[in-house]
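The values are calculated or read from the model by the stated rules, or taken from the named source; none is laboratory data. Since we're looking at a predicted model, the values are computed, not measured. Every residue, glycine as well, gets a Cβ built from its backbone with ideal geometry; the counts of neighbours run over all protein chains shown. Protein only, heavy atoms only, side chains kept; ligands, DNA and RNA dropped before computing areas. Shrake-Rupley method; radii C 1.70, N 1.55, O 1.52, S 1.80 Å.
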Amino acid sequence: MTPPTARSRSRFVDPAIDGYAAAHSTGPDAHQLELQRITQEKTGPAAGMQIGDDQAVLMETLVRAMGAKRAVEIGTFTGYSALAVARGLGPDGHLLCCDVSEEWTAIARQAWDEAGVADRIELRIGPGLETLRSLPPDAQFDFAFIDADKTGYAQYYEEVLTRLRPGGLLLLDNMLQGGRVVDDGAVDENVTAIRSLNDAIADDPRVTVVLVPIGDGVSFVQKI
């Protein structure tokens, strides 16, 4: 049986090339497809917040290749990205998920349980900054993913970076804001916040960064 083609959210790649790349990438399995279905059914238009399959398999591959065992995610939604990260971490890994929605993360909990990764995921409901600041001073992470309220990204970035080990990797989603970061007429609070953070990260001597036009733009930030 031919595996399903990976679902891409790319907005910046030629459609024919995007389709070819998706067809030659590892596609979603039954657990991922079911989570996509339930997310669409239960959240409606909000389902568009779910990351693409190409991003999910890339994240899983990166986490596994790094040998990462400790990870944190700010913004979990229905758990698709967390599922990818948890799989990459392996059975002895630990992923801390921070979100404010009991309703959406209830979908995530069920998906994690059915996929066999629930025992490596800790979900904390509440503001992400409060959760991060409540951690023990010596808590460190190998990998982090930020995909939450855009106006809070700068604060999340600083809190996570202080807890990221040297050589650790931080991914930030939606860093191109549908291309509006290069539109001088786009001045809403979300695009303004992301544009400012992109500038700050590019000039941050503590890290190396590459902003990749996958999905809605993902910044790959490595702590030096």
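Checking every residue in segment 121-130 against the condition of being small (Gly, Ala, Ser), without any contact (Cβ under 8 Å) to a residue 60 or more places away in the chain and under 24 Å from His94 (Cβ atoms) gives at least one match. Checking each residue in segment 85-108 for being buried (at least 24 other Cβ atoms within 10 Å of the Cβ) and either within 21 Å of Gly217 (Cα to Cα) or among the hydroxyl-bearing types (Ser, Thr, Tyr) (or both) picks out only Val85. Could you tell me whether segment 22-33 includes any residue that is closer than 14 Å to Gly215 by Cβ and open to solvent by less than 20 Å² (accessible area, probe 1.4 Å)? Yes. Tell me which residues, restricted to segment 34-50, are farther than 22 Å from Gly178 by Cα, open to solvent by 60 Å² or more (accessible area, probe 1.4 Å) and either touching a residue at least 12 places away in the same chain (Cβ under 8 Å) or not charged (D, E, K, R) (or both). If the condition is that a residue be farther than 22 Å from Gly178 by Cα, open to solvent by 60 Å² or more (accessible area, probe 1.4 Å) and either touching a residue at least 12 places away in the same chain (Cβ under 8 Å) or not charged (D, E, K, R) (or both), then Glu34, Lys42 are the ones that fit. Which members of segment 113-128 meet the condition of being in contact with a His (Cβ under 9 Å, 6 or more places away or on another chain), within 30 Å of Ala154 (Cβ to Cβ) and not charged (D, E, K, R)? Scanning segment 113-128 gives a single hit, Ile121.
Of the residues that make up segment 72-92, is at least one more than 28 Å from Gly126 (Cβ to Cβ) and in contact (Cβ under 8 Å) with a residue 24 or more places away in the chain? No: segment 72-92 contains no residue that is more than 28 Å from Gly126 (Cβ to Cβ) and in contact (Cβ under 8 Å) with a residue 24 or more places away in the chain. In segment 174-224, which residues are assigned to a helix (DSSP H, G or I), hydrophobic (A, V, I, L, M, F, W, C) and open to solvent by 20 Å² or more (accessible area, probe 1.4 Å)? Of everything in segment 174-224, those that are assigned to a helix (DSSP H, G or I), hydrophobic (A, V, I, L, M, F, W, C) and open to solvent by 20 Å² or more (accessible area, probe 1.4 Å) turn out to be Val181, Val182, Ala193, Ala200, Ala202.
Residues that are in contact (Cβ under 8 Å) with a residue 40 or more places away in the chain and not polar (S, T, N, Q) within segment 51-66 comprise Ile51, Gly52, Asp53, Asp54, Val57, Leu58, Met59, Leu62, Val63, Met66, listed in sequence order. One residue alone among Ala108, Ala68, Ala82, Ala47 is under 25 Å from Asp18 (Cα atoms) and in contact with a strand residue (DSSP E or B) (Cβ under 9 Å, 6 or more places away or on another chain), and that residue is Ala82. Using the structure shown, decide if Thr76 is touching a helix residue (DSSP H, G or I) at 6+ places or on another chain (Cβ under 9 Å) and either modelled with pLDDT of 90 or more or open to solvent by less than 60 Å² (accessible area, probe 1.4 Å) (or both). For Thr76, the condition - touching a helix residue (DSSP H, G or I) at 6+ places or on another chain (Cβ under 9 Å) and either modelled with pLDDT of 90 or more or open to solvent by less than 60 Å² (accessible area, probe 1.4 Å) (or both) - is met. The set of residues in segment 111-120 that are free of Cβ contacts under 8 Å to residues at least 60 places away in the same chain and surrounded by fewer than 19 Cβ atoms within 10 Å (Cβ to Cβ) comprises Asp113, Gly116, Ala118, Asp119. Pairing each residue of segment 203-219 that is free of Cβ contacts under 8 Å to residues at least 40 places away in the same chain with any residue that is not in a loop (DSSP other than H, G, I, E, B), provided the two are 6+ apart or on different chains, yields C-beta distances under 6 Å for Thr208/Gln222; Val209/Ile201; Val209/Ser219; Val209/Val221; Val210/Phe220; Leu211/Ser219; Val212/Val218. State whether one or more residues within segment 151-168 are closer than 28 Å to Asp14 by Cα, modelled with pLDDT of 95 or more, open to solvent by 10 Å² or more (accessible area, probe 1.4 Å) and within 16 Å of the chain's Cα centre (by Cα). No: segment 151-168 contains no residue that is closer than 28 Å to Asp14 by Cα, modelled with pLDDT of 95 or more, open to solvent by 10 Å² or more (accessible area, probe 1.4 Å) and within 16 Å of the chain's Cα centre (by Cα).
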